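Structure, as structure tokens:
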Amino acid sequence: MEIDPFIFRLSIFILSIFVGYYVVWSVTPSLHTPLMSVTNAISSVIIVGAIIAALASSDIGKIETSNIFGFLAIVLAAINIFGGFLVTQRMLQMYKKKKKNKK
Amino acid sequence: MISPNLSATFYLISGILFILALRGLSSPETSRTGNLFGIIGMLIAIIVTFLSVGNFSISLIYVLIFLLLGGAAGAFIAFKIPMTAMPELVAGFHSLVGLAAVFVAIAAFLDPEAFGLGLPLNIKLASLIEMSIGAAVGAVTFSGSVIAFLKLRGIMSGSPIVFKGQHFLNLFLGLSIIVLIYFLCQTQLPTLFWTVVILSFLIGAMLIIPIGGADMPVVISMLNSYSGWAAAGIGFTLENTALIITGALVGSSGAILSYIMCKSMNRSFFNVILGGFGGDSDSDKKESSKEQKPVKSGNAEDAAFLMKNAASVIIVPGYGMAVAQAQHALKEMVDKLKKKDIKVSYAIHPVAGRMPGHMNVLLAEANVPYDEVFELDDINNDFANSDVAFVIGANDVTNPIAKTDPKSPIFGMPVLDVEKCKSVLFVKRSLSPGYAGVDNELFYKDNTLMLFADAKKMTEDIVKNLD
């Protein structure tokens, strides 16, 4: 009997949880706020589903309800992607070693 | 149009880049490269999706317009937001991920063909379960984050809202959602799907309203975790590896942060979830506040004198410092002390602030080098060998009662051993207790000098007196 592809996806999922567990414990506590904003940005990769939903069409030129939900989701996810990565970058920039302090 | 195998490989690559993005955060030096990896991963995922859909009609232009609209709004927020408002921002962003997950799940339910999940009203069973779970978790994340946002922003009162039968109502809602998903799988009725979504919105709000302001670090971390599980649920529906990997990463990251926060407050996760903490019904509070104990209070001159003659000073910042925007004045004070060859370090309690790591960001913003900032475990032994502890805007996290009085609601919570310092300077507006509603014994110690003033004002005055 063939293995259901779902099992493969489940394996990826479970293994990723373990990877996440070890990677996150190694994050230094002083960077926990950037950690939250960057996890927030990457979870917006859900935009992939939004793009598929927005571009799907059974009839060319006709906009279905599902397309509208796709477009709305694109806007929401895009706010998060740009906002999340940029605010993380802004914070991390502050953690740069400052040389001018050695006066 | 690229083949599904090729696009799946690219999704895997962006998943790995996301892992590297988190891995980079293990030190401030590597963190910026990590963030770059994250951005590249996201770019790859988006471009591959465009190529795999292969629909380059007029709608593509619309998609790009919407993407840039959202992106511009996001960029604007990211540059404008003050660092003190990070907790609200993150809560707000979580709500967007949640809502996006709901919308994608709805789109998949309405047009399953586009995602290769079967026909409308005849969706593959596994996909139907996955999309309802994704929609439900997304909806909970959305409404929960909205409530958290309102509480953090101060639009809604931070005190817990509790009523009789609350837990039963939540339990009932939760069970109904599970039963409805079961029937949805049997019948494929759209009405059931919509009911699941609506009930999930409701339960998300219900879960957060009983949780008090002091527990917000846990709530934010928990919602972070939920947003990850929602993404993973959608990832299973869309059979997309990038989403599954990311969802798992974010889910476990949020869960770990919640665990760290709970541990730092010595509270169990369920205790926080069931809520009600931080209200004003604590009996201990009334008991202790009745006694009038003598307090030594001083002014900026006294404080400056004490610090000038010290060899080492430890600064203990808390949320009050953030509220008063005193971090820049504080940095100025520390610079003056350092010029006098006084050793200065910062001690940060894990729950100082309204979200994990919040204080560190605020200090970094004020140009405090991160190697002068220490976590609780790394610095707690140094208090005994230091001359002055300067507590600014922190309260409960310094209360020695957590070590001595088993009856106290904060008993067992790890605290900073501030009282072991030769002298303690405590900047505070009044003697009022902190969020936990517990009187702080530290106020009445012989070696404590209370500085009653606004944190920023007081720090500026001390700076003047240091010359």
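Quick note: the coordinates plus some simple rules give every number you see, no bench work behind them. Predicted, not measured: the structure shown is a model, and the values here were computed from it. Reconstructed Cβ throughout: ideal geometry from the backbone, glycine too, with neighbour counts over all protein chains shown.
Taking the Cα atoms of segment A:1-50, the ratio Rg/Rh between the radius of gyration and the Kirkwood radius comes to 1.13. Between rounded, prolate and oblate, where does segment B:296-426 land on the alpha carbon gyration tensor, with a ≥ b ≥ c its root eigenvalues, rounded for a/c under 1.5, else prolate if a/b exceeds b/c? Oblate shape, in that a/c is at least 1.5 and b/c is the bigger or equal ratio. Computed over neighbours whose Cβ is under 15 Å from that of A:Pro5, the net charge equals -2, Lys and Arg +1, Asp and Glu -1.
Put simply, the C-alpha atoms of the protein assembly as shown give a gyration tensor, and the ellipsoid matching it has half-axes of 47, 26, 18 Å, longest first.
Count Lys and Arg as plus one, Asp and Glu as minus one, and take only other residues whose Cβ is under 15 Å from that of B:Val219; the net charge is then +2. Classified by the C-alpha gyration tensor, segment B:65-195 has an oblate form. Its axis ratio a/c, with a ≥ b ≥ c, is 1.5 or above, and a/b does not exceed b/c. For chain B, averaging the sequence separation of C-alpha pairs within contact (under 8 Å, six or more residues apart) and dividing by the residue count gives a relative contact order of 14 percent.
Extending 7 Å from the Cα toward the beta-carbon at both B:Ile65 and B:Ser159 defines two label points whose distance is 5.0 nm.
Normalised by the number of residues in segment B:345-442, the mean separation of alpha-carbon contacts (under 8 Å, six or more apart) gives a relative contact order of 28 percent. Exposed loop positions in chain B were taken to be chymotrypsin sites (Phe, Trp or Tyr not before Pro) whose DSSP state is not H, G, I, E or B and which have at most 16 other beta-carbon atoms within 10 angstrom. Between these positions, the longest stretch is B:164-410. For the pair B:Lys407 and B:Asp302, the difference between a 0.36 nm per residue extended length and the Cα-Cα distance amounts to 34.2 nm. Pairs from the table (A:Lys96/B:Lys343; B:Lys293/B:Lys420; B:Lys263/B:Lys336; B:Lys151/B:Lys420; B:Lys80/B:Lys308) lying more than 27 angstrom apart at Cα are B:Lys263/B:Lys336; B:Lys151/B:Lys420; B:Lys80/B:Lys308. Contact order, relative form, for chain A: 28 percent (alpha carbon pairs under 8 Å, 6 or more residues apart, mean separation divided by residue count).
For segment B:118-148, the residues whose backbone nitrogen is under 20 Å from a point 7 Å from the Cα of B:Gln186, taken along Cα to Cβ, are B:121-133.
Once you divide the Cα radius of gyration of chain A by 2.2 N^0.38 Å, the number left is 1.56. Using every pair of distinct Cα positions in segment B:138-192, the Kirkwood expression returns a hydrodynamic radius of 13.6 angstrom. Maximal additional length on extending the B:Asp377-B:Ala72 stretch stands at 105.6 nm, based on 0.36 nm per residue less the C-alpha distance. Over all directions, the projected convex hull of the C-alpha atoms in chain B averages 24.0 nm² in area. Among the trypsin sites (Lys or Arg not before Pro) in segment B:136-219, those placed in a DSSP loop whose Cβ has at most 14 other Cβ atoms within 10 Å are B:Lys164.
Considering every alpha-carbon pair of segment B:2-141, the percent of pairs per 10 Å bin, from zero through the bin containing the longest distance, is 10, 25, 43, 18, 4, 0. So if we plug the beta-carbon distance of B:Thr30 and B:Ala311 into 1/(1 + (r/R0)^6) with R0 = 45 Å, what FRET efficiency do we get, rounded to 0.05? Efficiency for this residue pair is about 0.85. A cut-off of 5 Å between modelled amide H atoms, ignoring neighbours fewer than 5 places along the same chain, links B:Ile315 with B:Ser345, B:Tyr346, B:Ala347, B:Phe390.
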